[in-house]
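To start, the structure under review is shown below, and the notes come after it.
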Amino acid sequence: MSSINYAEKIPNNVNLVSDRTLQRALEHWQPHFLEWWKTMGPSDFQAADVYLRTAISVDAQGWAHYGAVKMPDYRWGIFLADPLPGRTIGFGDQMGEPAWQQVPGEYRSTLRRLIVTQGDTEPASVEQQRLLGHTCPSLYDLRNLFQVNVEEGRHLWAMVYLLHAYFGRDGREEAEELLARHSGDADKPRILTTFNEPISDWLSFYCFTYFTDRDGKYQLKSLAESAFDPLSRTCRFMLTEEAHHMFVGETGIGRVVKRTLEVMKELGTEDPARVRAAGAVDLPTLQKYLNFWCSSSLDLFGSEISSNSAANFAHGLKGRPDESQYEDHVLREKTMALLTPEGEQQVPMLNALNEVMRESYLRDCEIGLKRWNRQIERAGFPFRLTLPSSRFRRSIGAWAGQPVDPQGTMLSKKEYEKRLPDWIPSEADRAFVHSLQQKVVAPGKMAAWIAPPERGINNLPVEYEYVKLQ
Ligand SMILES: [Fe+2]
Ligand SMILES: [Fe+2]
């Protein structure tokens, strides 16, 4: 078991004290990070005492320590999962050779790009969510938002450590750039489109943590397979934190469904207008939010046919999530059938890995839907929530810009444009959801559009004062 040294200025379990140059470089970056947190992090809650979880060691048990913390005092640091003795490369053309403890020169710029792209999403999501605290549906939810935010901040630290420790001067420059780009900024936006979408209501927040943090899970899983061992160890530990973010999304949407069903039963109707008038989110509107965030997150996996993903796999940089579950780890012989607007194409499996990842991601997304649909079924209503087709509303890849409906059927452009407001939130839908967003901060109280959670955090009651506002 490897515990984290909190006595140092930068908490870590990588023996930072033995590398003075690296330590100085990171100590130079640290005030820039704190400045970013204060200006771009959660607005107006920096003085509040938040009941947060902090990692104290990286083993599966006991890594979580709970207590009241003011967010700027959160102990962000560098925590890598313990090394696996004798770890070898698990896929690609160099399979079976020892994993790399340093970056091979020929893969340096590609690895840096992968790390920067992952790193960029972490502070981006904090920026997207920075105003949500003002409309929190409960103190329990407010605490969960802040837990997600501080952990995304730590994920940034995780990537910055790699840049500083393994990529020299250009790594340090990239680390500064990670604080210079901002979500939605006209001049210096974040790298990926989804991370420039504003998140201005809590329904979007739950969808984001359900769909977009789950993309994060799949990216981290594939990087955890990397031959570059420090990247693998970093991502393995990040995954333990990421699980909570998806919990927030899945239970958040589940609680919205639960409350809506209560209202539908009380009223004895499914009529969306009457459900809305009673102050709950009607199920067709929830479906539109699912369509929006799912389709936006599907783009994050990249093009169906990709020579980059082929090279990254062949070179051992990025594997498939749960690589060990597959039989063939080299993929030089296999092909995959891909549906494109021009018809079915046989593509070398190596070039279709983004699609392989997207498909396993969608299977993971189905789990929550099954659960929510069971709730609806038990309440006696015929409505069912669905995931949109992976061809719907794509901006990247073979289906980019194609007029396809959420069931995956090709339409005329005119028909598509006319019907799009039936499939993703319209201005009026967003205005309605915004009208529900009101700050509820009495301990144990919930906004009227969402049911209370089944249980509190760390065995505490739901009524616990999870955030003490100043
Ligand atoms: Fe993250
Ligand atoms: Fe996350």
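Between their Cα atoms, which of Lys265/Lys288; Lys217/Lys318; Lys188/Lys288 are more than 20 Å away from each other? Don't jump to the answer; show the numbers that get you there.
Numbers: Lys265/Lys288 22 Å; Lys217/Lys318 14 Å; Lys188/Lys288 30 Å.
Beyond 20 Å between Cα atoms: Lys265/Lys288; Lys188/Lys288.
Per residue of the chain, what 222 nm ellipticity follows from adding -39500 (n - 2.57) for every DSSP H run with n ≥ 4, rounded to the nearest 500? Please report the intermediate quantities before stating the final value.
On the way: 13 runs with 217 residues, N = 470.
When only DSSP H runs of four or more count, the value is -15500 deg cm²/dmol.
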DSSP-loop chymotrypsin sites (Phe, Trp or Tyr not before Pro) across the stretch 297-384, with at most 15 other Cβ within 10 angstrom: Tyr326
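R0 = 56 Å: FRET efficiency of Thr386 with Arg20, Cβ-based, nearest 0.05?
Values: r = 56 Å, r/R0 = 1.00.
Efficiency at R0 = 56 Å is approximately 0.50.
Relative to the compact-globule scaling 2.2 N^0.38 Å, provide the ratio for the alpha-carbon radius of gyration of the stretch 66-119. Don't skip to the answer; put the middle values down first.
Details: Rg = 16.8 Å, N = 54, 2.2 N^0.38 = 10.0 Å.
Ratio of Cα Rg to 2.2 N^0.38 Å: 1.68.
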Residues whose placed amide H lies under 5 Å from that of Thr335, excluding near-sequence neighbours: Met349
Packing-based ranking, highest mean first, of 210-218, 342-350 given that Cβ atoms within 10 Å are counted: 210-218, 342-350
Alpha carbon Rg of the stretch 308-456, scaled by the compact-globule rule 2.2 N^0.38 Å: 1.41
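Once neighbouring chains are kept in place and the probe is 1.4 Å, which whole percent of the accessible area of the stretch 207-328 is contributed by carbon and sulfur?
Values: 1640 of 3380 Å².
The value for the stretch 207-328 is 49 percent carbon and sulfur by accessible area.
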Met40-Gln345 pseudo-label distance in nm [points 7 Å out on the Cα-to-Cβ vector]: 3.6 nm
Coarse-grained scattering of the stretch 1-141 at q = 0.17 Å⁻¹, given as base-10 log I(q)/I(0) from a Debye sum over alpha-carbon atoms: -1.25
Ordering of 446-455, 287-296 by packing [mean C-beta count within 10 Å, highest first]: 287-296, 446-455
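For the chain, what does the equivalent ellipsoid look like in terms of its semi-axes, each the square root of 5 times an eigenvalue of the Cα gyration tensor, given largest first in whole Å?
Values: eigenvalues 251, 185, 73 Å².
Each semi-axis is the square root of five times an eigenvalue, giving 35, 30, 19 Å.
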Longest to shortest principal axis, alpha-carbon extents of the stretch 172-221, angstrom: 34, 28, 14
Label-reachable residues, the stretch 444-462, where backbone N falls under 19 Å from a point 7 Å from Ala379's Cα toward its Cβ: 446-455
Point-to-point label distance, Arg332-Gln438, nm (Cα→Cβ direction, 7 Å offset): 6.7 nm
Label-reachable residues, the stretch 228-253, where backbone N falls under 16 Å from a point 7 Å from Glu323's Cα toward its Cβ: 228-237
Separation in nanometres of the label points that stand 7 Å from Cα toward Cβ, at Thr409 and Ala314: 4.1 nm
Under 15 Å, Cβ to Cβ, from Ser435 - net charge with Lys/Arg +1 and Asp/Glu -1: -1
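The values are calculated or read from the model by the stated rules, or taken from the named source; none is laboratory data. Quick caveat, the model's predicted, so the values are computed rather than measured. Reconstructed Cβ throughout: ideal geometry from the backbone, glycine too, with neighbour counts over all protein chains shown. Remember, those area values only see protein heavy atoms, side chains included, never the ligands or the DNA or RNA. Shrake-Rupley method; radii C 1.70, N 1.55, O 1.52, S 1.80 Å.
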